[in-house]
Amino acid sequence: MTTHFRHAMPFGAELQPGGETRFRLWAPDVAQVELELDSGERVPMQAIGEGWHACRHRAPAGTGYRYRVRPDLLVPDPASRLQAGGDVHGSSVVVDPVAYAWQHPEWRGRPWREAVVYELHVGLFGGFNGVREALPRLRELGVTAIELMPIAQFPGTRNWGYDGVLPYAPAAVYGTPDELKALVDAAHGLGLMLILDVVYNHFGPDGNYLGQYASAFFRDDGPHTPWGAAINVGLQPVGDFFLHNALYWLQEYRFDGLRLDAVHAIGHPDWLSAFARHIRMAITDRQVHLVLENEANQAHLLGAGRFDAQWNDDFHNALHVLLTGEQAGYYGAYADDPLGHLRRCLAEGFAWQGEAMRGKPRGEPSAGLSPLCFVDFLQNHDQVGNRAFGERLTTLVDAPRVEAALALLLLTPAVPLLFMGEEWGSRTPFLFFTDYQQEALRTAVREGRRKEFAEFSAFSGEAVPDPNDPATFERSRPDPAEARSAQGQARLAQVRQLLELRHRHLVPHLEQTHALGARTLGRAALRAHWQLGPQRLSVYSNLGTEDLALVGDPPPAVNWLHGDPAAITAFIHGRLPAATTLVFLEPAT
């Protein structure tokens, strides 16, 4: 069995036997490209047609290089496997992809039904090695899949990762390529999946040179994204750049899955469908999983042979409005009937399935999809970090109602996601942070952030933390002391117990599970039922602050999975207490 893995790329720097390296760059806007090594040696590259330039030259692993695309412009390799010092403007480095010997090459992955996802920011965990140290704790908690926020090389040393400009290069500040492989390898040794968040809809504002020698990489006919012109994935060299990026992470680094960021901004669902098919055909020896973030709610992209699942913002937004009463921004679309939107998510997947949302149709019918096609969450990097002060749900809602919502999340069939620190009820904020070196860009980001929130009456725009201040990053670091507190230990025990119940009672049957309907009960309570193998799973959840009288609902003797004894007794006598989620199994009728 091989212990070395690589993805053979048709571009970039591919190390050859004997110390030579093949260099290949798509630069259709220029007639001549030179390879320039850090030694100062320049090597003319041959134009080989259709905008491609190539050469072979002695350049062993560790060699620094760039491409001179104009007399006055020296650029890094867009397919760089490593940037020297993490400098997005500096030298790319030739990497030997098979230098790392894998300790668990027999790993074949885990089925998607077993997924309990834990999203984290690598930098706040102390880099690749810091994440590796946390793996045993997360496994013991009941997590089965670790999702890394984007790690592609970005400018500076602090970034969420969505401003990456070199998508093949792991951020040097987090560790070396081999340290990243060791993290994935260690996860596999513990039976954990590693999922990587990738960004194929835009590049960051500092360090992307593609437009200066490959302008066709971007669309000139619209649409525009919030970050500029859309990427032209329909053009084969461009689409292949991202397809090979996906295969690179899955084959060379043996990630178990990818989460594609904001694919609605790509604006090309046909390309996405082809992308998923290519991945499925290319990797057949183990289980890999593909997940979307997609505001368009395109249900046809989800299911067997396509994308396994989509982050379900509808579930979060409806639940957030129900718990907090907030109606600003995108929460306004859910404010008319948050409980009704949440009910539909539990019964059918999406809350918006073609109806008009703010005057425009959104979504496609999703009731026929498996609950496993939806990743539900109470918090994630976006929903916390895109608040002005990065407040977690723990600071906005009283603990009993948060705990009831956690039970609803973890004991219903959709794939649950926890955000770092959520397992102990962290109150540490997660703020938006960057480390731009150009003063004009630093000012634009700082002022743009303040302007974005200035209209909100709850605070002054001047008070919004400066994303470029190192203290903003440090304030976002989860505090382990919270986990050691009495409250933290109690929350950890709750999450651990809920996940143990999920793995024991729900997971074995999730591939055959389908919704049997959901119904609202009062202003803040609902019930939902699923066919779960030979049994029926029933959930009653009251997320409000007042007890609810039930009429004709209490069932006969059942197998109780979750519920405080006093709440169960009250339920049997026709009352659903406030801040309570009850879960039970009964024979299917």
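Each row is one residue, and each column tells you yes or no for (1) hydrophobic (A, V, I, L, M, F, W, C); (2) touching a residue at least 12 places away in the same chain (Cβ under 8 Å); (3) closer than 26 Å to G354 by Cα.
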site	(1), (2), (3)
D197	no, yes, no
Y209	no, yes, no
Y248	no, yes, no
R254	no, yes, no
S273	no, yes, yes
A282	yes, yes, no
D308	no, yes, yes
Which residue pairs have Cβ atoms under 6 Å apart, sit 6 or more places apart or on different chains, and have a first residue in segment 291-302 that is of a type outside the set (D, E) and a second that is open to solvent by 30 Å² or more (accessible area, probe 1.4 Å) and in a helix (DSSP H, G or I)?
N294/H264; A296/H264; Q298/P269
Note on D261: of the conditions (1) surrounded by fewer than 22 Cβ atoms within 10 Å (Cβ to Cβ); (2) within 22 Å of L369 (Cβ to Cβ); (3) modelled with pLDDT of 95 or more, unmet is (1)
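Mind listing just one residue for me: the one in segment 1-40 that is of a type in the set (A, V, I, L, M), farther than 19 Å from L82 by Cα and open to solvent by 30 Å² or more (accessible area, probe 1.4 Å) and, of those, modelled with the lowest pLDDT? Please lay out each step first, then the result.
Filtering segment 1-40 for residues of a type in the set (A, V, I, L, M) gives 1, 8-9, 13, 15, 25, 27, 30-31, 33, 35, 37.
Filter once more, keeping what is farther than 19 Å from L82 by Cα: 1, 27, 30-31, 33.
From the residues that got through so far, the ones that are open to solvent by 30 Å² or more (accessible area, probe 1.4 Å) too are 1, 31.
Details: M1: 75, A31: 97.
Across segment 1-40, the extreme among qualifying residues is M1.
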Looking at segment 476-489, which of its residues are surrounded by fewer than 16 Cβ atoms within 10 Å (Cβ to Cβ) and part of a helix (DSSP H, G or I)?
P480, A481, R484, A486, Q487, Q489
Might you let me know whether segment 135-150 holds any residue that is among the small types (G, A, S), closer than 30 Å to T513 by Cβ and under 18 Å from the mean Cα position of the chain (by Cα)?
yes
Could you identify the single residue in H316, H268 that is at pLDDT 95 or above and either surrounded by fewer than 22 Cβ atoms within 10 Å (Cβ to Cβ) or touching a Phe, Trp or Tyr at 6+ places or on another chain (Cβ under 7 Å) (or both)?
H316
Which condition from (1) open to solvent by less than 20 Å² (accessible area, probe 1.4 Å); (2) part of a loop (DSSP other than H, G, I, E, B); (3) acidic (D, E) is the one that E423 breaks?
(2)
Residue under question is G349, and the condition is that it be in contact (Cβ under 8 Å) with a residue 24 or more places away in the chain and either surrounded by fewer than 22 Cβ atoms within 10 Å (Cβ to Cβ) or not acidic (D, E) (or both); does it hold?
yes
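Residues are listed down the side, and each one gets a yes or a no for (1) in contact (Cβ under 8 Å) with a residue 60 or more places away in the chain; (2) in contact with a Ser or Thr (Cβ under 7 Å, 6 or more places away or on another chain):
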| residue | (1), (2) |
| --- | --- |
| G85 | yes, no |
| R108 | yes, no |
| P136 | no, no |
| P155 | yes, no |
| R158 | yes, yes |
Tell me which strands (runs of 3 or more DSSP E) are completely within segment 282-400 and hold 1 or more residues being polar (S, T, N, Q), or say none if there are none.
309-311
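Inspect all residues belonging to segment 85-100 and state whether any of them is among the aromatic types (F, W, Y), crowded, with 18+ Cβ neighbours inside 10 Å and in contact with a strand residue (DSSP E or B) (Cβ under 8 Å, 6 or more places away or on another chain).
No, that holds for no residue.
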Considering only residues of segment 371-389 that are farther than 13 Å from N312 by Cβ and modelled with pLDDT of 95 or more, which is surrounded by the fewest Cβ atoms within 10 Å (Cβ to Cβ)?
H381
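Taking segment 325-339, which residues are out of contact with any helix residue (DSSP H, G or I) (no Cβ under 8 Å at 6 or more places or on another chain) and touching a residue at least 60 places away in the same chain (Cβ under 8 Å)?
A328, the sole residue that qualifies.
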Segment 121-200: strands (runs of 3 or more DSSP E) wholly inside it with 1 or more residues that are of a type in the set (S, T, Y) are 166-170
Segment 162-189 residues that are within 21 Å of V75 (Cβ to Cβ) and free of Cβ contacts under 8 Å to residues at least 60 places away in the same chain, paired with ones that are open to solvent by less than 10 Å² (accessible area, probe 1.4 Å) and polar (S, T, N, Q) (beta carbon under 7 Å, 6 or more apart):
G164/Q153
Going by what's in this entry, would P416 be described as at pLDDT 95 or above, open to solvent by 50 Å² or more (accessible area, probe 1.4 Å), closer than 23 Å to Y540 by Cβ and not in a loop (DSSP other than H, G, I, E, B)?
no
Quick test of your reading of the structure: Y330 fulfils all but one of (1) under 22 Å from the mean Cα position of the chain (by Cα); (2) open to solvent by 30 Å² or more (accessible area, probe 1.4 Å); (3) at pLDDT 95 or above; (4) farther than 14 Å from V415 by Cα. Name the failing condition by number.
(3)
In this structure, is R113 more than 30 Å from P17 (Cα to Cα), at pLDDT 95 or above and over 18 Å from the mean Cα position of the chain (by Cα)?
no
So the check is Cβ under 6 Å with 6+ separation or different chains; which pairs have a first residue in segment 68-82 that's in contact (Cβ under 8 Å) with a residue 40 or more places away in the chain and a second one that's among the aromatic types (F, W, Y) and open to solvent by 40 Å² or more (accessible area, probe 1.4 Å)?
V75/Y209
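This table checks each residue for (1) charged (D, E, K, R); (2) farther than 19 Å from E474 by Cβ; (3) open to solvent by 10 Å² or more (accessible area, probe 1.4 Å).
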{"position": "W107", "(1), (2), (3)": "no, yes, yes"}
{"position": "R113", "(1), (2), (3)": "yes, yes, yes"}
{"position": "G127", "(1), (2), (3)": "no, no, no"}
{"position": "L148", "(1), (2), (3)": "no, yes, no"}
{"position": "L166", "(1), (2), (3)": "no, yes, no"}
{"position": "P170", "(1), (2), (3)": "no, yes, no"}
Quick one: would you say D313 is among the acidic types (D, E) and touching a Leu at 6+ places or on another chain (Cβ under 6 Å)?
no
For V43, work out the one condition from (1) β-branched (V, I, T); (2) outside any loop (DSSP other than H, G, I, E, B); (3) open to solvent by 60 Å² or more (accessible area, probe 1.4 Å) it doesn't fulfil.
(3)
Please work out if G130 is modelled with pLDDT under 95 and either at negative phi or out of contact with any Cys (no Cβ under 7 Å at 6 or more places or on another chain) (or both).
no
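The values are calculated or read from the model by the stated rules, or taken from the named source; none is laboratory data. Owing to the predicted nature of the structure, the values given are computational and were not obtained by experimental measurement. Backbone-built Cβ (ideal geometry, glycine too); neighbour counts: all protein chains shown. These accessible areas exclude ligands, DNA and RNA; they are computed on the full protein's heavy atoms, side chains included. Shrake-Rupley method; radii C 1.70, N 1.55, O 1.52, S 1.80 Å.
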